[in-house]
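Readers should treat all values here as calculations from the given coordinates under stated rules, not as data from a laboratory. Note that the structure is a prediction, hence the values are computed from the model and not measured. Cβ sites come from the backbone with ideal geometry, for glycine too, and all protein chains shown count toward neighbours.
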Amino acid sequence: MATYRYEIAGSVLSGRVEIGGAKNAVLPILAATLLNKGTSYIYNVPDLSDIDVAIEILKAFNCNVSHENHSVVVDASDAMYTNIPQELTSKCRATLAFLGASLGRFGEADIAFPGGCVLGPRPVNMHIEALHALGLEVNEDNTIHVQGKLLDSVLQLSYPSVGVTENILIMAAASHHTIIIKNAAREPEIVNLCKYLTETGANIDGAGTSTIVIKGRDMIECQAHITVIPDRIEAATYITAGVMTGRDVEVAKCNPRDIRRLLTILRKMGCEINVSEDTVHVIKGLLDKQLNTPLYIVAKPYPAFPTDMQPLIMPLLCLIASEYSPSILADTVFPYRYMLAEELSKMGAKIHKRTGAAVITGLERIGTCRFTASRNLISHDLRGGAALILASLATEPGTVSNVYDEGYIKRGYENISEKFSQIGGNVSVKLLK
Ligand code: UD1
């Protein structure tokens with residue numbers, strides 16, 4: 001496994017940075033291209049290692065795939081059935097979407113159990129329950145093997161799981177029966193997937209709401225075009241960095257509507273933020289204003305505050321909370337997602353972990369809004385790794401921190417060091433082994 005060392009100096013950010021396409025939207029769309037016996041054109045695709053994994057899987061299915069200049073073209077006309085081995089599924093949990101895609105295209109799927117970031121237990125029981133409820137034959141051994149045909153059904157999900165909703169939508173798009181998904185996930189990435197599936201002939205009502213009705217088509221052969229939505233988590237990363245250690249930071253090519261919960265919280269703290277059609281402009285953050293706590297933030301499924309932004313906002317809360325004005329950061333989606341707290345404590349943060357919540361009481365060094373630089377920070381997952389870069393930028397200018405990362409950050413951030421450099425952030429990365 002590759003290890004990277006990010007070297008980050010305390011910085012003051014200013015300027016304009018552009019956001020790329022959403023990783024979590026591209027991955028299910030790439031899986032769904034397997035259903036199209038014609039060619040799919042996907043635009044605004046970020047250059048990330050998770051995308052490379054999905055492309056490798058498409059190639060294993062004998063698809064012709066090219067990825068250039070942020071566009072991916074998939075020709076699945078000669079696709080052939082294959083089982084998906086652990087070498088590929090272990091790299092990224094979103095590979096589970098190929099279960100629905102293979103079932104839709106070939107009436108059968110065989111996929112090794114998936115990997116992904118270690119955010120606590122990540123079982124697949126809800127996927128299996130949904131497959132059973134749809135009358136499919138499921139065998140679990142070292143792999144998940146599914147076969148069968150969908151019939152008209154109403155599927156009531158016990159939880160609005162993003163992955164389960166996507167998997168069912170993809171398999172349903174290749175069936176001419178009507179599937180109604182109740183308690184479906186409502187994330188913007190689901191809406192983007194539905195747009196692609198509609199482009200390939202599926203009839204979908206209710207995308208972005210809790211009830212989605214989908215009627216697919218047996219044979220799909222078309223030229224399908226889709227533009228990937230901006231990555232709301234990447235946008236949140238640069239916006240939060242701008243608040244922590246910036247002046248006049250413009251985050252462009254994003255969709256402010258998809259990050260409105262974050263913007264509401266930042267304004268409640270006292271940040272001065274302007275929003276236009278596709279840009280969020282952090283005018284005044286912590287460097288220019290006294291920001292307020294206490295705050296009680298709970299990560300829940302969309303449209304609530306997202307779990308993937310939870311680690312990103314944690315360092316900001318550390319800089320403004322105190323013993324007398326603590327903040328609570330709760331997570332109902334991944335209640336064990338607090339590995340970051342130990343790393344931030346190396347930088348002087350005071351965080352008390354509970355299951356499902358962290359109580360943040362500021363910094364050891366009172367009277368400063370800066371972290372203490374550390375040469376020994378370990379990234380444990382994708383968003384936690386990015387959060388350590390934010391914390392390191394918010395140290396005293398001239399001090400340097402190191403973040404050691406086993407490739408997590410490159411799974412979700414294209415050119416993070418270049419993008420921060422564009423806005424005055426001193427971040428460099430070196431491959432160690
Ligand atoms: C997706 C996102 C991930 C995000 C998460 C929640 C992608 C590639 N990943 O992950 O970045 O953090 O949504 O917004 O889009 N669960 C079960 N059993 C299951 C499935 C899920 O218990 O079979 C649990 C999970 O452990 C977790 C919760 O349900 O606690 C939410 O999971 P889910 O919505 O399925 O997230 P993912 O699709 O894995």
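Peptides 18-30, 131-143 ranked from most to least packed, by the mean per-residue count of other Cβ atoms within 10 Å: 18-30, 131-143. With all projection directions averaged, the alpha carbon convex hull of the range 30-84 covers 3.3 nm². Each part reduced to its alpha carbon centroid, the range 297-368 and the range 123-184 end up 35 Å apart. For the chain, the Cα-based Rg and Dmax, in that order, read 21.7, 65 Å. Derived scalar couplings between HN and Hα for the range 57-67 equal 5, 4, 5, 4, 7, 6, 7, 9, 10, 10, 9 Hz in order, rounded to whole Hz, by the Karplus curve 6.51 cos²θ - 1.76 cosθ + 1.60 (θ = phi - 60°), x for Gly and Pro.
Along the chain, the exposed loop sites are chymotrypsin sites (Phe, Trp or Tyr not before Pro) outside DSSP states H, G, I, E and B with at most 14 other Cβ atoms within 10 Å, and the longest stretch free of them is 82-323. Here Ser428 and Ser322 are evaluated by their C-beta separation; at R0 = 30 Å the FRET efficiency comes out at 0.35. In the range 185-318, a dipole from Cβ-located charges (positive for Lys and Arg, negative for Asp and Glu) runs towards its positive end, and of Val191, Pro301, Leu287 it is Leu287 whose Cα lies farthest in that direction.
Among the DSSP beta bridges whose two residues both lie in the range 278-433, what percent are antiparallel, rounded to the nearest 5? Provide the component values of the computation, followed by the final result.
On the way: 9 of 17 bridges.
Beta bridges within the range 278-433, antiparallel portion: roughly 55 percent.
The relative contact order of the chain, computed from alpha carbon pairs under 8 Å that lie at least 6 residues apart in sequence, is 22 percent. Considering only DSSP beta bridges where both residues belong to the chain, give the percentage that are antiparallel (nearest 5). Bridges in the chain are about 70 percent antiparallel. Run the reach check for Lys289 against lysines, Cα to Cα strictly under 28 Å, same-chain hits fewer than 8 apart removed. What comes back? Lys289 reaches Lys253, Lys268, Lys346, Lys350, Lys419. Within the shell defined by Cβ-Cβ distances under 14 Å, the residues around His177 carry a net charge of +1, with Lys and Arg each +1 and Asp and Glu each -1.
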